[in-house]
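Below is one structure; the comments refer to it alone.
The values are calculated or read from the model by the stated rules, or taken from the named source; none is laboratory data. Keep in mind that what you see is a predicted model, and the values were worked out from it rather than measured. Cβ sites come from the backbone with ideal geometry, for glycine too, and all protein chains shown count toward neighbours. Ligands, DNA and RNA are stripped out before the accessible areas are found, and what is left, the full protein with its side chains, is counted by its heavy atoms. Shrake-Rupley method; radii C 1.70, N 1.55, O 1.52, S 1.80 Å.
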Amino acid sequence: MSHLGNKLKAKLEKYTMRKNRVNNKIKASNPDNRIVVTRSNMYIKAEIVDKNWNILACVSDKWLNGKTKSERAFAAWETLAKIISEKKLTKVVFDRNGYLYHGRVKALAEWIRKWGVNL
């Protein structure tokens, strides 16, 4: 990382510290299922993963229609909530994967809680 600027290095270090802190807390609780969020500037993806890292469901807003990122994300989360209710999961752990808890990541967590799943 020697070719990166100081500001970018600081951002990456903060991100990795957040990611490690979140993952350590989640691993300590030893959950049965977790929702792992992956976010880019354009898209957001959520996966439901069990203890053995087998993917139970995966939803992305990449191929959904919508004018804004939020509209596409809400359509994806509605699909994810339906999958969770079909699989009858009542308790899952929300793994924000080191991302800050605001914007689309926060909206995803609130939307899933709205569907009656304990996070």
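Computed quantities for the displayed model
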read-out	value
The range 35-47 residues that are closer than 15 Å to T68 by Cβ and outside any loop (DSSP other than H, G, I, E, B), paired with ones that are among the small types (G, A, S) and open to solvent by less than 40 Å² (accessible area, probe 1.4 Å) (beta carbon under 6 Å, 6 or more apart)	I44/A73
Selection from the range 83-113 of residues that are in contact (Cβ under 8 Å) with a residue 24 or more places away in the chain, open to solvent by 50 Å² or more (accessible area, probe 1.4 Å) and over 14 Å from I44 (Cβ atoms)	S85, K87, T90, K91
Unmet criterion (only one of (1) under 14 Å from the mean Cα position of the chain (by Cα); (2) modelled with pLDDT of 85 or more; (3) not aromatic (F, W, Y)) for E86	(1)
Which numbered condition K14 fails, given (1) among the basic types (K, R); (2) touching a residue at least 24 places away in the same chain (Cβ under 8 Å); (3) assigned to a helix (DSSP H, G or I)	(2)
Any hit, the range 95-110, residues being out of contact with any helix residue (DSSP H, G or I) (no Cβ under 6 Å at 6 or more places or on another chain), polar (S, T, N, Q) and outside any strand (DSSP E or B)	yes
Count of residues meeting criterion [under 15 Å from R39 (Cα atoms) and acidic (D, E)] in the range 72-119	1
Selection count, the range 1-44, where residues are within 22 Å of A107 (Cβ to Cβ), loosely packed, with under 11 Cβ neighbours inside 10 Å and among the hydrophobic types (A, V, I, L, M, F, W, C)	1
Residues (of a type outside the set (G, A, S) and touching a Lys or Arg at 6+ places or on another chain (Cβ under 6 Å)) located in the range 33-65	V37, T38, Y43, I44, V49, D61, L64
